[in-house]
Each structure stands twice: as C-alpha cells, then as structure tokens.
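Have a look at the structure below, then the notes.
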Amino acid sequence: VFRGEVAHLLSPIATVIDEGSAGGISGQVDLSALPLGHAPVMVTAESLDPTQTHHVVVARRIVGSDGLFSLYPLPAPQTGSTSYDVVIAGAGINTTIVRGVPVSVSTIGTATSIQSGAIPVTTAPTVYVDLASQTPLLPGGARVTFYETINAPNELPYVVDSSAVDPLTRRLPDDAFALSAGVIKVGDYASGSGIAFLAGAPLEGAAGYLLGSEGLYRTDTLAAAPTPVSGNASLPTLAYAPYPTLPAGAVSGTLTVSLASSAGQYDSGFLVVTVGNRVVETALIGSTLDAGGGAVSIPNLPAGSALVPTAGVPYQVAVRAWSSANPTATYVRSAASSSASLGDSGVATVTVQVP
C-alpha cells in the first residue's frame, strides 16, 4: 500500500530468444470442475537447474478462460529435441505434472501438443501463507518460490507458485498468499495420446511447501526443511524464507546514499535501488527526509567484478518523497545523476538531492 492505495513498482525482465532455436508446447486444460470465479490456473514449463538440485521456470503462462495455453518460445536444439516438464497449478486445484514433453524447433502453430484432449483439473482446499518477520529482511527485489516434490525416489522439487515480495513491507501480496493444499497428479508424456495420471501427497506432506528465494545477481536458495501451510485468508501461516545467497566470487557490498532535502518539507518516502530498471533493494527514509537529509546505508548488495567484469555492479538510486499532511500535492521523485558501481571493494557512495 503506497499513499493509502494499492500500488506497484514495476521491475521488467527482458529476454531475447532466437526463433530459429525455439519451440513450444500447447494444450488445453479442462476447467469445468472449478467454481465460477476460481483463482488463476498457471501452466509452467520447467527444467532442471544447472546445479541439478531443483527445477526452474523456463516459461509461465495463465491458462485462458477456454482452458487453452501455449508455452512459446522455449529454447530448443537445432537438431533433435529437448524435454520439459509441464506443471499445471493454482490455488484451489490439485497440481498436475506432465513429465518429459519433447520440444524441437517449431513455430507457435506447430508446437508440441501435450495431449489430444483437455487435461482435467480437480478442486483442492486452499490455504494461505505470509512471510514472518525475519532478520535480515529479504531484499526488496526478492522473489519467494514455493516448491513441492513428487514422493518417489530421485525426484527434485518443482516450482508450484511464486511471488515477488512487497518491496516496502517485505511481505507477500495482500499479506496472505493463496496456495493449494491438494495432491500432486503425475503422468508421463504419451506422444500426444491421453496421459495416465497417478495422484499422491507431495514429499513435503499435505499442504507442505519448500520455500526458496531468488533475486538479481543472487542464486536460488532453498530452505533446509519444508513448511506446513494451514492458514486462512484472515490468519495465514507465517513462514520463513531463506535469504538469497550470492553466487561464487561475488562480495556483499554496501551502498551509502547521501540524501539532501529541506528539513520538515517531507516526512514520508522511500528509496529504490535498481540495476537496469530491475528492483534490487528498497529503504524507508521518512525520518531522514524530515531531518533534512543524511546518510542512508544500504547493506547486503551483490557486488564485485565476478558479477559485472571490471567495474562491478552499476546501481541506480531513485527517491519518492511526500508530506503525510498532503501526499498528492507534495509528492516528488528524484534520482541520482549517475550510477554507482559496487566493485570488489564492496563500497560506493551516491548523492540524491530531493527538491
């Protein structure tokens, strides 16, 4: 909530895929068993992380009201095919996983059909979770991921759902994030024919999830143990997410923001630290603004030439400020005139003048 209203900080992620090295997966989900106004159903193409410890999202789409979906473009080899596992999930439904869907170079119209008929989804109880207060707080640009694992030998966690944290409160959307408390239905791709599914509770237990976190210039970090989720929308289960770790060779840096403003002009505000318009960290600065400025320290930022060769990570800083007595008329946005690179020393300073 920003200035009394629900607001968003957009953090775009741009990717480029050569259509000559792309394919896709198409299909349909039978939504007829779900109630009117059901939560969105998501379909995700996943593959193993390079560390071979968990699955990661390659592409994710919302299933249309007609149940149709298309996962395109997906990286595909010039010859032969590569395989993806498809996860169909959402609050209020049993998660469905189709393993080993082959993808070769194709157009969106000739993508691999997951099966000839619609894949049925069935209802499941809904539970709610939020993030507990923890030290240190997750970065303002972090994303929390909820994993479940098929209860069978040699299986690795699948992404069932995920959400960016609120960049100011470090909680989940609406302070109560909806998840399914159902079973996992698993089947193997059958060359486009009907898939035989088997259902069972996840390895994490009924309504159990393994929490993970991630962020820009950080590695996927999974909790050591699952969290059972049983809360409702009014009283969600409070869970702890691991702090996302830095990749090998990176250092933990501190950016000092020298903030200048007129004492008493603003008493509310926050600053946003970004890289390439993607949010990395935020900080509340109301008291600093009210006092006429000062130094604001932003610790635990990814830094070092291992992340960005030579100079390190170039950070940009912008400030939103206003007076709580009249937010609409006093709201201003200011930005530092240049970026500040956090190199191997792990320290840098930037100045922002708030008019």
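The values are calculated or read from the model by the stated rules, or taken from the named source; none is laboratory data. What you are looking at is a predicted structure, and each value in this text was computed from that prediction instead of being measured. No Cβ is skipped: glycine too gets one built from the backbone with ideal geometry, and neighbour counts run over all protein chains shown. To get the accessible areas, we keep the full protein, side chains included, count just its heavy atoms, and leave off ligands, DNA and RNA. Shrake-Rupley method; radii C 1.70, N 1.55, O 1.52, S 1.80 Å.
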Looking at Pro247 and the list (1) open to solvent by 30 Å² or more (accessible area, probe 1.4 Å); (2) within 30 Å of Ala224 (Cα to Cα); (3) out of contact with any Ser or Thr (no Cβ under 8 Å at 6 or more places or on another chain); (4) not aliphatic (A, V, I, L, M), which single condition is not satisfied? (3)
Please work out which residue is farthest from Ser323 (Cα to Cα), limiting yourself to the range 250-273 and to residues that are within 28 Å of the chain's Cα centre (by Cα) and buried (at least 22 other Cβ atoms within 10 Å of the Cβ). Ala250
Only one of these is of a type in the set (Phe, Trp, Tyr) and at positive phi: Tyr217, Tyr209, Tyr243. Name it. Tyr217
Mind checking whether some residue in the range 216-223 is within 14 Å of the chain's Cα centre (by Cα) and among the β-branched types (Val, Ile, Thr)? yes
Please specify each residue of the range 301-315 satisfying the condition of being over 18 Å from Arg218 (Cβ atoms) and in contact with a strand residue (DSSP E or B) (Cβ under 8 Å, 6 or more places away or on another chain). Ala311
If I ask for residues that are in a strand (DSSP E or B) and under 11 Å from Ala260 (Cα atoms), which ones from the range 271-295 would you list? Gly293, Gly294, Ala295
Residue by residue through the range 147-161, note down the ones that are open to solvent by 20 Å² or more (accessible area, probe 1.4 Å) and either hydroxyl-bearing (Ser, Thr, Tyr) or touching a Ser or Thr at 6+ places or on another chain (Cβ under 6 Å) (or both). Glu155
Can you tell me how many residues in the range 165-222 are farther than 30 Å from Val273 by Cα and of a type in the set (D, E, K, R)? 3
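Residue-by-condition table, conditions (1) of a type outside the set (Val, Ile, Thr); (2) part of a strand (DSSP E or B):
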residue	(1), (2)
Gly20	yes, no
Leu36	yes, no
Pro50	yes, no
Phe69	yes, yes
Val87	no, yes
Name the residues in the range 61-74 that are open to solvent by less than 60 Å² (accessible area, probe 1.4 Å) and not hydrophobic (A, V, I, L, M, F, W, C), would you? Gly64, Gly67, Ser70, Tyr72, Pro73
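Rundown of residues vs (1) part of a strand (DSSP E or B); (2) of a type in the set (Val, Ile, Thr); (3) within 27 Å of Gly304 (Cβ to Cβ), yes/no style:
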position	(1), (2), (3)
Ile195	no, yes, no
Ala199	yes, no, no
Arg218	no, no, yes
Ala225	no, no, no
Leu235	no, no, no
Ala241	no, no, yes
The range 339-355, subset assigned to a strand (DSSP E or B) and hydrophobic (A, V, I, L, M, F, W, C), residue farthest from Leu255 (Cα to Cα): Val352
Given the criterion open to solvent by less than 30 Å² (accessible area, probe 1.4 Å), in contact (Cβ under 8 Å) with a residue 12 or more places away in the chain and within 26 Å of Glu214 (Cβ to Cβ), identify the matching residue among Gly286, Gly346. Gly346
Where Leu307 falls short, out of the listed (1) hydrophobic (A, V, I, L, M, F, W, C); (2) surrounded by 19 or more Cβ atoms within 10 Å (Cβ to Cβ); (3) under 28 Å from the mean Cα position of the chain (by Cα); (4) under 25 Å from Asp166 (Cβ atoms): (4)
Checked the range 110-146 for anything open to solvent by 60 Å² or more (accessible area, probe 1.4 Å), part of a loop (DSSP other than H, G, I, E, B) and under 30 Å from Gly24 (Cβ atoms); matches are Ser116
For the range 321-328, indicate whether the set of residues that are in a loop (DSSP other than H, G, I, E, B) and on the phi > 0 side of the Ramachandran plot is non-empty. no
